[in-house]
1. Identify which of L47, L89, L81 has the largest mean-square fluctuation in a Gaussian network model of the chain, with springs joining Cα atoms closer than 10 Å.
2. In the P(r) worked out for the chain, what percent of Cα pairs fall beyond 32 Å?
3. Using the alpha carbons of segment 155-196, what is the convex hull volume per residue in cubic angstrom, as a whole number?
4. Could you run the Karplus curve 6.51 cos²θ - 1.76 cosθ + 1.60 with θ = phi - 60° over segment 80-93 and give me ³J(HN,Hα) per residue in whole Hz, x for Gly and Pro?
5. With angles folded into 0 to 90 degrees, how steeply does helix 165-178 sit against the dominant principal axis of the chain? Use alpha carbons for both and round to 10.
6. Compute the relative contact order of the chain as a whole-number percentage, counting only Cα pairs closer than 8 Å that sit 6 or more residues apart in sequence.
7. Report the charge-dipole magnitude of the chain in Debye, nearest 20, computed about the Cα centre from +1 at each Lys and Arg Cβ and -1 at each Asp and Glu Cβ.
8. Go ahead and estimate [θ] at 222 nm for the chain from helices alone: -39,500 (n - 2.57) per DSSP H run with n ≥ 4, summed, over the residue count, rounded to 500.
Amino acid sequence: MECRACKGVINASLNPERTKEQLRESSIRRRIADLFVQKENLIKDDLFIKELFERFDSKCFKTKKHLDIEDRDSWAIDHILPSKYLYPLTKENAALLSSEANLNKRDRWPSEFYTNNELIELANITGADLQLLSSKEPIINQKITVDNVNAGVDNYLSVRENSNLDKRVSEIRKIIIEYDLVDKLSDANKKKLGLI
């Protein structure tokens with residue numbers, strides 16, 4: 001997930017071209033994906049960030065530009081494998097990028113953004129699976145757990161009183177089917193979503 005500043009820049013340039021429904025669907029997809037990996041995400045605390053800067057020698061992995069840990073607007077933490085495909089932010093899935101490089105990557109799959117040599121280097125630095133990184137087609141995280149999916153459904157359906165519950169059920173049902181996660185749902189959640 002990109003930082004709020006990066007997301008603001010991306011949205012400022014792309015949103016005028018998107019329909020209202022496209023904007024809403026993109027926002028919902030991101031929110032739901034984040035809920036599914038919420039328990040797996042590392043907290044982006046000072047220790048995590050310091051270790052990230054050390055692993056990447058305080059340089060943007062893509063441009064090799066020196067980055068100042070104190071200048072938070074100049075750098076971003078890249079989900080190497082995007083959260084859009086249900087990958088959490090972990091030590092193996094984090095790269096240090098300049099804000100500009102992260103803006104260019106967005107939700108692209110690693111092989112669409114990084115060169116083959118960069119993918120090899122990323123795997124060496126992070127311990128990530130090179131075969132997965134170099135896949136030409138995005139692959140939804142197969143390691144997402146039953147607990148993650150059911151917690152995500154429960155969180156998404158915990159709504160304020162005046163929210164449209166039918167709409168929320170429809171939204172998460174669509175994502176569950178699209179991501180082929182029906183088999184990870186509890187029977188109770190399958191029933192709630194009309195999947196039994």
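Read the figures in this text as sums done on the coordinates, not as results from a lab. These figures come from a predicted structure and were not determined experimentally. All Cβ positions, glycine included, derive from the backbone under ideal geometry; neighbour counts span all protein chains shown.
1. L47
2. Above the 32 Å cut-off, the chain has 20 percent of its Cα pairs.
3. Enclosed volume per residue, from the Cα hull, is 66 Å³.
4. Karplus-based 3J(HN,Hα) across segment 80-93 equals 3, 8, x, 4, 3, 9, 6, 9, x, 7, 10, 4, 6, 10 Hz.
5. Approximately 60 degrees, to the nearest 10.
6. Values: 229 pairs, mean separation 41.3, N = 196.
Reported relative contact order: 21 percent.
7. Numbers: 33 positive and 33 negative charges, 137 e Å.
For the chain, the charge dipole is close to 660 debye.
8. Values: 10 runs with 97 residues, N = 196.
-14500 deg cm²/dmol, from helical runs alone.
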